[in-house]
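Asks: This structure is in structure tokens; I'll ask about it shortly.
The values are calculated or read from the model by the stated rules, or taken from the named source; none is laboratory data. Being a predicted model, the structure only gives us computed values, none of them experimental. Cβ placement follows ideal geometry from the backbone for every residue including glycine, while neighbour counts extend to all protein chains displayed.
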Amino acid sequence: MTRDEIKDVILEIIQDIDEDSEIENLDADKPLRDQLDLDSMDFLDIVMELRKRYQLQIPEADYPELASLTSCVNYLEPRLKEV
Amino acid sequence: MGSYDQVIIGGGLSGLAAGIRLARFGYKVLILEKHAIPGGLNSYYFRQGRLLETGLHAMTNFAPPESKAAPLNRLFRQLKLSRKKFSTHQQLRSTIYFSDNYSLSFSNDLGLLSSEVERVFPESIDRFTALVELVRSHDPFVNRPWISAKDRLRDLLDNERLMNMLLWPLMMYGNCNEHDMDFDQFVIMFQSVYLEGFFRPAGTIKDFLEMLLDHYRSLGGEIRFRAPVKHFRIRDEQVDTVVLESGEEIGCGQVISTAGYPATLQFMTSNQHPVEADKYSGRMSFVEIINVLPVACRKTLRSDETIIFYNLDEPFDYRRPDQAVNVNCGVICFPENFHDLEVGSEFQLRVTHPANYDIWKSFGPDEYAEQKKLWTVRSSAVVGEIIGNYRQKVVYQDVFTPITIEKFTGKANGAIYGSPIKLKDGTTSIANLFVAGTDQGYLGIVGAMLSGVTMVNNHIFEQN
């Protein structure tokens, strides 16, 4: 997947978790949690959805890598290269 | 022999929530329910063409859809259910009644309770306000040892009667301990009842359960009714197989039991250590009387509140009574008294009192039936003093005792709020066995469901 495709997947997952989330105005470099009212339970859903869709295991120690949209893409790019 | 990633024991609200959560992310999951219908404590039955609900007086934790961080809305997101399509009816108002002079009303607007505290206990309003601030900022989900809520509240409120009045509804709606409650539990309950408040879903508990069940099945989850568990087969310190009463064997990767810790221990040990199970059985159980009344007699009764929590005992004490039932305290609930519910030709009056399991258990069949009648009459005499006499007008009546509760919910000793010894993190001595539901300290319907969700998140998703 390209960086743009990965970004779209993340946004789609977020929209799926909370239909009211305002993804249009997201600052890609700022923490998602602050901008979207996500709590740790919602955050787990992003991890679970990636696991379900791409059989990608993200260890808990790596969760901080998913903080912002940009850091998500950076983290996932090598891992979803073949998808 | 079928085999599943997870087997969930119990199709009550915590089991259904855990099942939905697992099925949503593609796990192969099976719920085993021993009865013919789901719901566990919060279920329903039919008598003379009427649908009667068990358990549910009201749901706690009311929050409008836009309060994203509220437990109710977090729960809906976790289960991938639309909160906007879930139509709710808020309570009218409820009252804590100790006497005509000591009576406090509350609603889903904290302002009412605050003004009532100021009216009845003007000397304590500042301390009450400080307590509310403390409850708002206190995180009750940190794992702490048991702290006496009464000790903390004596210190914070310095008003024994106000303390007891505030404690009473919270204890009746979810305290497994006698006399006192854990302070964290108090905070959870205070938030759920006084800060968020009572509501009920549109429709019946049957509709609510069917909505959950349809959702679970649409995600690929399986459920089997009339499938009581006999025991677990344990190999290499893991539950390897769940054996049903029918003898059927079901292979499992992990097990979540919502049957309560005493029952779960018995599945583990095949009755070898009943003493150990006894240690985890709670002592607080209840009698509930469901009265159906013609709508015409509403105007002759005090019937404009949703719930009245009354206590006439002095001193107040939340405990297992020495008699079969203590009718001097209880909960009077009008399940139709929520905003914007349609009025039918009949209405219900449900009355709940603390009861003594051992005494009910000791009765033979004839005496049991006699005692039900006797205590129903005594109950209506005391409740009639508060809301007006209704006994002659009852068109249908049914009574649950601690024995009924034990039979239909599997809760040892009919202790609906479970064991005083809470397994907060849900782990057991067996690595792939977890418990969820009332024996974990979560309370009410929203709490039970969040418990199922949290156990799946913490022990299955985070570990796999």
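Asks: Across the stretch B:58-73, what is the total count of residues that are touching a helix residue (DSSP H, G or I) at 6+ places or on another chain (Cβ under 9 Å) and either at positive phi or polar (S, T, N, Q) (or both)?
Replies: Number of matching residues: 3.
Okay, residues lined up against (1) in contact with a Cys (Cβ under 7 Å, 6 or more places away or on another chain); (2) modelled with pLDDT of 95 or more; (3) crowded, with 24+ Cβ neighbours inside 10 Å; (4) assigned by TED's automatic domain parsing to the domain that holds B:Ile8:
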| residue | (1), (2), (3), (4) |
| --- | --- |
| B:Ile387 | no, yes, no, no |
| B:Asp439 | no, no, yes, yes |
| B:Gly452 | no, yes, yes, yes |
| B:Asn458 | no, no, no, yes |
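Asks: Only one of these is closer than 30 Å to B:Gly260 by Cβ, of a type outside the set (Ser, Thr, Tyr) and surrounded by fewer than 16 Cβ atoms within 10 Å (Cβ to Cβ): B:Gln348, B:Gln392, B:Gln371, B:Gln323. Name it.
Replies: Working: B:Gln348 fails: surrounded by fewer than 16 Cβ atoms within 10 Å (Cβ to Cβ); B:Gln392 fails: closer than 30 Å to B:Gly260 by Cβ; B:Gln371 fails: surrounded by fewer than 16 Cβ atoms within 10 Å (Cβ to Cβ).
Going through B:Gln348, B:Gln392, B:Gln371, B:Gln323 in turn, the sole match is B:Gln323.
Asks: Okay, moving on. Somewhere in the stretch A:62-77, is a residue out of contact with any Lys or Arg (no Cβ under 6 Å at 6 or more places or on another chain) and within 20 Å of B:Val453 (Cβ to Cβ)?
Replies: Yes, because at least one residue in the stretch A:62-77 is out of contact with any Lys or Arg (no Cβ under 6 Å at 6 or more places or on another chain) and within 20 Å of B:Val453 (Cβ to Cβ).
Asks: Scan the stretch A:47-65 and tell me whether some residue there is assigned to a helix (DSSP H, G or I) and away from every other protein chain (no Cβ under 14 Å).
Replies: Yes: the stretch A:47-65 contains one or more residues that are assigned to a helix (DSSP H, G or I) and away from every other protein chain (no Cβ under 14 Å).
Asks: Taking the stretch B:393-437 on its own, how many of its residues are of a type in the set (Gly, Ala, Ser) and either in contact with an Asp or Glu (Cβ under 6 Å, 6 or more places away or on another chain) or on the phi > 0 side of the Ramachandran plot (or both)?
Replies: 6
To keep it simple, each residue is scored yes or no on (1) part of a helix (DSSP H, G or I); (2) within 17 Å of B:Gly10 (Cα to Cα); (3) touching a residue at least 12 places away in the same chain (Cβ under 8 Å).
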site: B:Arg200; (1), (2), (3): no, no, yes
site: B:Lys206; (1), (2), (3): yes, yes, yes
site: B:Glu210; (1), (2), (3): yes, yes, no
site: B:Arg217; (1), (2), (3): yes, yes, no
site: B:Gly220; (1), (2), (3): no, no, yes
site: B:Arg226; (1), (2), (3): no, yes, yes
site: B:Phe232; (1), (2), (3): no, yes, yes
site: B:Val242; (1), (2), (3): no, yes, yes
site: B:Ile250; (1), (2), (3): no, yes, yes
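Asks: Would you point out the residue of the stretch B:52-111, among those that are more than 14 Å from every other protein chain (Cβ to nearest Cβ) and assigned to a helix (DSSP H, G or I), that is nearest to B:Phe198 (Cα to Cα)? Give the derivation first.
Replies: Taking the stretch B:52-111 first, the residues more than 14 Å from every other protein chain (Cβ to nearest Cβ) are B:52-62, B:87-111.
Filter once more, so that each one left must be assigned to a helix (DSSP H, G or I): B:110-111.
Details: B:Leu110: 12, B:Gly111: 15 Å.
Across the stretch B:52-111, the extreme among qualifying residues is B:Leu110.
Asks: Let me ask something additional. Can you give me the ranges of the helices (runs of 4 or more DSSP H) entirely in the stretch B:361-464 with at least 1 residues that are within 14 Å of chain A (Cβ to nearest Cβ) and farther than 30 Å from B:Asp313 by Cβ? Steps first, answer last, please.
Replies: Working: elements: B:365-387, B:402-409, B:444-455.
Qualifying helices (runs of 4 or more DSSP H): B:444-455.
Asks: In addition: Would you point out which residue out of A:Gln35, A:Gln15 is surrounded by 15 or more Cβ atoms within 10 Å (Cβ to Cβ), not aliphatic (A, V, I, L, M) and not in a loop (DSSP other than H, G, I, E, B)?
Replies: Unique residue meeting the criteria: A:Gln35.
Asks: Can you name the residue in the stretch B:196-232 that is at positive phi and surrounded by fewer than 17 Cβ atoms within 10 Å (Cβ to Cβ) and, of all such residues, is farthest from the chain's Cα centre (by Cα)? Walk me through how you get there before you give the answer.
Replies: Taking the stretch B:196-232 first, the residues at positive phi are B:197, B:203, B:220, B:226.
Now restrict to residues that are surrounded by fewer than 17 Cβ atoms within 10 Å (Cβ to Cβ): B:203, B:220, B:226.
On the way: B:Gly203: 19, B:Gly220: 28, B:Arg226: 23 Å.
Ranking the qualifying residues of the stretch B:196-232, first place goes to B:Gly220.
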